[in-house]
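Q: Have a look at the structure that comes next, please.
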Amino acid sequence: MPEQNYLTHRASRIATRWDLTLQDQLQLTKSRAVYKVETANGPAVLKLYGKLHCSGERAAVPFLRTLPDDIALKVYRTSPLRRAILMEWLDGPSLATLMAKGQSIEAEQHLANVAGKLAKVTFKNHLLYRKTRSARMPSAFKAAVAAETGTRQKMFQKMQDILDTLLKTTEVETIIHGDMQYQHAILTPKGPRLFDPKGLRADPAAEYRLVLIPNHHDTPVDAFNECVLRRATLFADATGIDRQRILMWATVGWGSRVMTGKLKAASPDTVDPYLHALLDLSQF
(Lines give C-alpha, C1' and ligand atoms only; values in the text may rest on other atoms or scores of the structure.)
Protein backbone atom coordinates (compact mmCIF):
# COMPACT_ATOMS: atom_id res chain seq x y z
CA MET A 1 0.00 0.00 0.00
CA PRO A 2 1.25 3.56 -0.70
CA GLU A 3 1.24 4.60 2.97
CA GLN A 4 3.19 1.51 4.01
CA ASN A 5 5.66 1.91 1.15
CA TYR A 6 6.24 5.48 2.27
CA LEU A 7 6.93 4.38 5.85
CA THR A 8 9.37 1.63 4.87
CA HIS A 9 11.19 4.03 2.54
CA ARG A 10 11.32 6.64 5.29
CA ALA A 11 12.68 4.06 7.73
CA SER A 12 15.60 3.46 5.41
CA ARG A 13 16.28 7.18 5.07
CA ILE A 14 16.13 7.76 8.84
CA ALA A 15 18.37 4.75 9.45
CA THR A 16 20.98 6.20 7.11
CA ARG A 17 20.71 9.68 8.60
CA TRP A 18 20.90 8.46 12.22
CA ASP A 19 23.49 5.70 11.57
CA LEU A 20 21.12 2.83 12.41
CA THR A 21 20.85 -0.71 11.09
CA LEU A 22 17.27 -1.88 10.54
CA GLN A 23 16.89 -5.39 11.94
CA ASP A 24 13.32 -6.55 12.56
CA GLN A 25 10.08 -4.92 11.43
CA LEU A 26 7.88 -5.22 14.52
CA GLN A 27 4.79 -3.45 13.17
CA LEU A 28 3.59 -1.92 9.92
CA THR A 29 0.19 -0.25 9.49
CA LYS A 30 -1.14 2.58 7.34
CA SER A 31 -0.08 5.11 9.94
CA ARG A 32 2.83 3.60 11.84
CA ALA A 33 5.96 1.48 11.44
CA VAL A 34 8.04 0.06 14.28
CA TYR A 35 11.50 -1.47 13.91
CA LYS A 36 14.09 -3.04 16.12
CA VAL A 37 17.34 -1.39 15.12
CA GLU A 38 21.00 -1.63 16.00
CA THR A 39 22.89 1.48 17.09
CA ALA A 40 26.52 2.05 18.00
CA ASN A 41 25.48 1.47 21.63
CA GLY A 42 23.29 -1.59 21.12
CA PRO A 43 19.66 -2.37 20.19
CA ALA A 44 16.92 0.26 20.13
CA VAL A 45 13.39 0.81 18.82
CA LEU A 46 12.57 3.11 15.92
CA LYS A 47 8.99 4.35 15.51
CA LEU A 48 7.81 6.22 12.44
CA TYR A 49 4.47 7.92 11.79
CA GLY A 50 3.06 8.66 8.35
CA LYS A 51 1.05 11.75 9.25
CA LEU A 52 1.58 14.36 11.92
CA HIS A 53 -1.90 13.93 13.40
CA CYS A 54 -1.21 10.20 13.80
CA SER A 55 1.79 10.85 15.99
CA GLY A 56 0.77 9.52 19.36
CA GLU A 57 4.18 10.60 20.67
CA ARG A 58 3.13 14.28 20.69
CA ALA A 59 2.54 14.02 24.43
CA ALA A 60 4.28 10.69 25.00
CA VAL A 61 7.77 12.07 24.35
CA PRO A 62 7.67 14.79 27.05
CA PHE A 63 5.90 12.29 29.31
CA LEU A 64 8.69 9.73 28.97
CA ARG A 65 11.43 12.32 29.26
CA THR A 66 10.02 13.44 32.62
CA LEU A 67 10.24 9.97 34.15
CA PRO A 68 13.12 8.44 36.12
CA ASP A 69 14.93 5.58 34.37
CA ASP A 70 13.34 2.91 36.59
CA ILE A 71 9.77 3.61 35.41
CA ALA A 72 9.76 3.59 31.61
CA LEU A 73 11.93 3.29 28.54
CA LYS A 74 14.19 6.14 27.51
CA VAL A 75 13.75 8.38 24.47
CA TYR A 76 17.08 8.77 22.69
CA ARG A 77 16.21 10.99 19.76
CA THR A 78 13.29 12.45 17.80
CA SER A 79 12.83 14.19 14.48
CA PRO A 80 11.74 17.86 14.72
CA LEU A 81 8.03 17.01 14.33
CA ARG A 82 8.29 13.74 16.30
CA ARG A 83 7.31 11.64 13.32
CA ALA A 84 10.42 9.55 13.97
CA ILE A 85 11.42 8.49 17.49
CA LEU A 86 14.38 6.41 18.61
CA MET A 87 13.82 4.71 21.96
CA GLU A 88 15.37 2.23 24.32
CA TRP A 89 14.99 -1.49 23.59
CA LEU A 90 13.71 -3.34 26.67
CA ASP A 91 14.76 -6.96 27.16
CA GLY A 92 12.29 -9.28 28.87
CA PRO A 93 8.73 -10.59 28.69
CA SER A 94 5.68 -8.37 28.91
CA LEU A 95 3.59 -8.67 32.04
CA ALA A 96 0.81 -9.96 29.76
CA THR A 97 3.11 -12.87 28.89
CA LEU A 98 3.54 -13.64 32.57
CA MET A 99 -0.23 -13.66 33.00
CA ALA A 100 -0.65 -16.02 30.04
CA LYS A 101 1.76 -18.39 31.82
CA GLY A 102 -0.39 -18.41 34.96
CA GLN A 103 1.66 -15.82 36.88
CA SER A 104 -1.14 -13.28 37.28
CA ILE A 105 -0.44 -12.39 40.90
CA GLU A 106 3.23 -11.72 40.14
CA ALA A 107 2.32 -9.62 37.08
CA GLU A 108 -0.20 -7.59 39.08
CA GLN A 109 2.36 -6.87 41.78
CA HIS A 110 4.98 -5.79 39.26
CA LEU A 111 2.57 -3.38 37.57
CA ALA A 112 1.37 -2.02 40.91
CA ASN A 113 4.98 -1.41 41.96
CA VAL A 114 5.81 0.66 38.89
CA ALA A 115 2.41 2.41 39.12
CA GLY A 116 3.30 3.45 42.64
CA LYS A 117 6.54 5.04 41.41
CA LEU A 118 4.74 6.80 38.56
CA ALA A 119 2.12 8.22 40.93
CA LYS A 120 4.89 10.14 42.76
CA VAL A 121 6.27 11.88 39.66
CA THR A 122 5.60 15.61 39.33
CA PHE A 123 4.93 16.88 35.81
CA LYS A 124 5.26 20.43 34.56
CA ASN A 125 3.24 22.21 31.87
CA HIS A 126 0.04 20.20 32.17
CA LEU A 127 -1.40 21.95 29.12
CA LEU A 128 0.82 19.81 26.89
CA TYR A 129 -1.45 16.89 27.66
CA ARG A 130 -5.02 16.23 26.53
CA LYS A 131 -7.76 15.05 28.83
CA THR A 132 -9.06 11.48 28.56
CA ARG A 133 -11.69 10.91 25.89
CA SER A 134 -14.41 10.40 28.53
CA ALA A 135 -13.59 13.76 30.09
CA ARG A 136 -13.22 15.56 26.74
CA MET A 137 -16.33 14.11 25.14
CA PRO A 138 -18.95 13.05 27.71
CA SER A 139 -21.55 13.69 25.01
CA ALA A 140 -20.19 10.69 23.07
CA PHE A 141 -20.87 8.52 26.11
CA LYS A 142 -24.39 9.92 26.33
CA ALA A 143 -25.00 9.23 22.64
CA ALA A 144 -23.96 5.60 23.10
CA VAL A 145 -26.39 5.29 26.00
CA ALA A 146 -29.20 6.77 23.92
CA ALA A 147 -28.55 4.22 21.16
CA GLU A 148 -29.40 1.33 23.50
CA THR A 149 -32.82 0.14 24.62
CA GLY A 150 -34.40 -1.73 27.51
CA THR A 151 -32.28 -3.26 30.26
CA ARG A 152 -29.01 -2.42 28.51
CA GLN A 153 -29.91 1.24 28.28
CA LYS A 154 -30.68 1.33 32.00
CA MET A 155 -27.34 -0.32 32.75
CA PHE A 156 -25.41 2.10 30.55
CA GLN A 157 -27.31 5.01 32.05
CA LYS A 158 -25.96 3.99 35.46
CA MET A 159 -22.47 4.09 33.96
CA GLN A 160 -23.20 7.55 32.58
CA ASP A 161 -24.25 8.62 36.08
CA ILE A 162 -20.96 7.25 37.47
CA LEU A 163 -18.98 9.18 34.85
CA ASP A 164 -20.89 12.38 35.68
CA THR A 165 -20.12 11.86 39.38
CA LEU A 166 -16.43 11.28 38.68
CA LEU A 167 -16.10 14.39 36.51
CA LYS A 168 -17.94 16.57 39.02
CA THR A 169 -15.88 15.35 41.97
CA THR A 170 -12.39 15.41 40.41
CA GLU A 171 -10.50 17.80 42.66
CA VAL A 172 -7.00 17.40 41.22
CA GLU A 173 -5.79 16.31 37.80
CA THR A 174 -2.43 14.75 37.16
CA ILE A 175 -0.55 13.41 34.15
CA ILE A 176 -1.10 9.71 33.58
CA HIS A 177 0.34 7.07 31.27
CA GLY A 178 -3.13 6.84 29.76
CA ASP A 179 -2.92 3.30 28.40
CA MET A 180 -1.58 1.36 31.38
CA GLN A 181 -2.12 -2.31 30.65
CA TYR A 182 -0.15 -5.49 31.29
CA GLN A 183 0.95 -5.68 27.64
CA HIS A 184 2.47 -2.22 27.98
CA ALA A 185 4.98 -3.19 30.67
CA ILE A 186 8.16 -5.23 30.20
CA LEU A 187 9.74 -7.16 33.05
CA THR A 188 13.41 -6.29 32.54
CA PRO A 189 16.28 -7.68 34.65
CA LYS A 190 16.08 -4.42 36.62
CA GLY A 191 12.33 -4.58 37.16
CA PRO A 192 9.15 -3.63 35.28
CA ARG A 193 9.30 -0.74 32.82
CA LEU A 194 6.42 0.94 31.00
CA PHE A 195 6.15 1.81 27.32
CA ASP A 196 3.57 3.08 24.77
CA PRO A 197 2.10 5.86 26.91
CA LYS A 198 -0.50 8.29 25.62
CA GLY A 199 0.32 11.01 28.14
CA LEU A 200 -3.06 12.28 29.34
CA ARG A 201 -4.33 14.77 31.92
CA ALA A 202 -6.87 13.16 34.25
CA ASP A 203 -8.20 12.24 37.64
CA PRO A 204 -5.35 10.11 39.09
CA ALA A 205 -7.74 7.17 39.57
CA ALA A 206 -8.45 7.06 35.82
CA GLU A 207 -4.96 5.63 35.26
CA TYR A 208 -6.06 2.17 36.41
CA ARG A 209 -9.31 1.86 34.46
CA LEU A 210 -7.87 -0.85 32.19
CA VAL A 211 -5.89 -2.96 34.66
CA LEU A 212 -8.63 -4.39 36.87
CA ILE A 213 -10.57 -6.50 34.38
CA PRO A 214 -9.62 -10.16 33.69
CA ASN A 215 -9.05 -10.91 30.00
CA HIS A 216 -10.93 -14.21 29.94
CA HIS A 217 -14.58 -13.85 28.96
CA ASP A 218 -15.45 -17.25 30.42
CA THR A 219 -14.42 -16.27 33.97
CA PRO A 220 -17.17 -17.07 36.51
CA VAL A 221 -18.72 -13.89 37.89
CA ASP A 222 -17.60 -14.65 41.46
CA ALA A 223 -14.00 -15.11 40.28
CA PHE A 224 -14.34 -11.92 38.20
CA ASN A 225 -15.43 -9.96 41.29
CA GLU A 226 -12.59 -11.39 43.35
CA CYS A 227 -10.01 -10.45 40.72
CA VAL A 228 -11.35 -6.91 40.26
CA LEU A 229 -11.45 -6.24 44.00
CA ARG A 230 -7.98 -7.73 44.55
CA ARG A 231 -6.46 -5.56 41.83
CA ALA A 232 -8.32 -2.43 42.95
CA THR A 233 -7.02 -2.90 46.48
CA LEU A 234 -3.49 -3.60 45.24
CA PHE A 235 -3.30 -0.45 43.09
CA ALA A 236 -4.99 1.69 45.74
CA ASP A 237 -2.45 0.56 48.34
CA ALA A 238 0.49 1.07 45.95
CA THR A 239 -0.53 4.59 44.91
CA GLY A 240 -2.52 6.01 47.82
CA ILE A 241 -5.50 6.61 45.51
CA ASP A 242 -9.06 5.96 46.68
CA ARG A 243 -10.08 2.40 45.82
CA GLN A 244 -13.69 3.30 45.14
CA ARG A 245 -12.74 5.86 42.50
CA ILE A 246 -10.48 3.27 40.86
CA LEU A 247 -13.46 0.87 40.71
CA MET A 248 -15.70 3.60 39.30
CA TRP A 249 -13.24 4.47 36.54
CA ALA A 250 -12.83 0.78 35.69
CA THR A 251 -16.60 0.50 35.32
CA VAL A 252 -16.78 3.53 33.04
CA GLY A 253 -13.70 2.46 31.07
CA TRP A 254 -14.87 -1.06 30.39
CA GLY A 255 -18.43 0.05 29.71
CA SER A 256 -17.12 2.53 27.15
CA ARG A 257 -15.16 -0.22 25.39
CA VAL A 258 -18.32 -2.34 25.20
CA MET A 259 -20.45 0.51 23.86
CA THR A 260 -17.93 1.49 21.19
CA GLY A 261 -17.36 -2.08 20.03
CA LYS A 262 -13.70 -2.26 21.07
CA LEU A 263 -14.22 -5.62 22.76
CA LYS A 264 -14.19 -8.55 20.34
CA ALA A 265 -16.77 -10.53 22.30
CA ALA A 266 -19.15 -7.78 23.31
CA SER A 267 -22.52 -9.51 22.87
CA PRO A 268 -24.91 -8.93 25.79
CA ASP A 269 -24.84 -12.59 26.84
CA THR A 270 -21.05 -12.46 27.03
CA VAL A 271 -20.37 -9.19 28.80
CA ASP A 272 -23.53 -8.02 30.54
CA PRO A 273 -23.09 -10.20 33.66
CA TYR A 274 -19.66 -8.59 34.15
CA LEU A 275 -21.04 -5.10 33.55
CA HIS A 276 -23.68 -5.73 36.21
CA ALA A 277 -20.96 -6.97 38.57
CA LEU A 278 -18.84 -3.84 37.95
CA LEU A 279 -21.82 -1.60 38.63
CA ASP A 280 -22.41 -3.38 41.93
CA LEU A 281 -18.74 -3.11 42.92
CA SER A 282 -18.52 0.57 42.01
CA GLN A 283 -21.59 1.58 43.98
CA PHE A 284 -21.45 -0.40 47.22
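Q: Considering only segment 105-126, how many residues are without any contact (Cβ under 8 Å) to a residue 60 or more places away in the chain and either surrounded by 17 or more Cβ atoms within 10 Å (Cβ to Cβ) or hydrophobic (A, V, I, L, M, F, W, C) (or both)?
A: Initial filter on segment 105-126 (without any contact (Cβ under 8 Å) to a residue 60 or more places away in the chain): 105-106, 117, 120-122, 124.
This time we only want the ones that are either surrounded by 17 or more Cβ atoms within 10 Å (Cβ to Cβ) or hydrophobic (A, V, I, L, M, F, W, C) (or both), so: 105, 117, 121.
Residues flagged as without any contact (Cβ under 8 Å) to a residue 60 or more places away in the chain and either surrounded by 17 or more Cβ atoms within 10 Å (Cβ to Cβ) or hydrophobic (A, V, I, L, M, F, W, C) (or both) within segment 105-126 amount to 3.
Q: Of the numbered conditions (1) surrounded by 15 or more Cβ atoms within 10 Å (Cβ to Cβ); (2) free of Cβ contacts under 8 Å to residues at least 24 places away in the same chain; (3) over 17 Å from residue 17 (Cβ atoms), residue 50 fails exactly one; give the number of that condition.
A: The single condition residue 50 does not satisfy is (2).
Q: Residues being closer than 30 Å to residue 104 by Cβ and either modelled with pLDDT under 95 or of a type in the set (Ser, Thr, Tyr) (or both): count how many of those fall in segment 167-177.
A: Of the residues in that region, 1 qualify.
Q: Does residue 156 satisfy the condition of being in the same structural domain as residue 273 (by TED's automatic domain parsing), in contact (Cβ under 8 Å) with a residue 60 or more places away in the chain and in contact with an Asp or Glu (Cβ under 7 Å, 6 or more places away or on another chain)?
A: yes
Q: Then there is this: Between 192, 204, which is in the same structural domain as residue 165 (by TED's automatic domain parsing), in contact (Cβ under 8 Å) with a residue 60 or more places away in the chain, surrounded by 19 or more Cβ atoms within 10 Å (Cβ to Cβ) and in contact with a His (Cβ under 6 Å, 6 or more places away or on another chain)? Step through it out loud before you land on a result.
A: Working: 204 fails: in contact with a His (Cβ under 6 Å, 6 or more places away or on another chain).
Sole residue among the options that is in the same structural domain as residue 165 (by TED's automatic domain parsing), in contact (Cβ under 8 Å) with a residue 60 or more places away in the chain, surrounded by 19 or more Cβ atoms within 10 Å (Cβ to Cβ) and in contact with a His (Cβ under 6 Å, 6 or more places away or on another chain): 192.
Q: Could you list all residues from segment 228-242 that are in contact with a Phe, Trp or Tyr (Cβ under 9 Å, 6 or more places away or on another chain) and exposed (fewer than 14 other Cβ atoms within 10 Å of the Cβ)?
A: Matches in segment 228-242: none.
The rows are residues; the columns are (1) over 17 Å from the mean Cα position of the chain (by Cα); (2) of a type in the set (S, T, N, Q).
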{"position": "104", "(1), (2)": "yes, yes"}
{"position": "142", "(1), (2)": "yes, no"}
{"position": "148", "(1), (2)": "yes, no"}
{"position": "174", "(1), (2)": "no, yes"}
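Q: Then there is this: Taking residue 172, is it under 22 Å from residue 242 (Cβ atoms), in the same structural domain as residue 231 (by TED's automatic domain parsing), among the aliphatic types (A, V, I, L, M) and part of a loop (DSSP other than H, G, I, E, B)?
A: It is true that residue 172 is under 22 Å from residue 242 (Cβ atoms), in the same structural domain as residue 231 (by TED's automatic domain parsing), among the aliphatic types (A, V, I, L, M) and part of a loop (DSSP other than H, G, I, E, B).
Q: Restricting the search to segment 239-258, which residues are touching a residue at least 12 places away in the same chain (Cβ under 8 Å), part of a helix (DSSP H, G or I) and over 18 Å from the mean Cα position of the chain (by Cα)?
A: Within segment 239-258, just 244 meets the criteria.
The values are calculated or read from the model by the stated rules, or taken from the named source; none is laboratory data. Since the model is a prediction, treat every value here as computed from it, not as a measurement. Glycine gets a Cβ as well: all are built from the backbone with ideal geometry, and neighbour counts include every protein chain shown.
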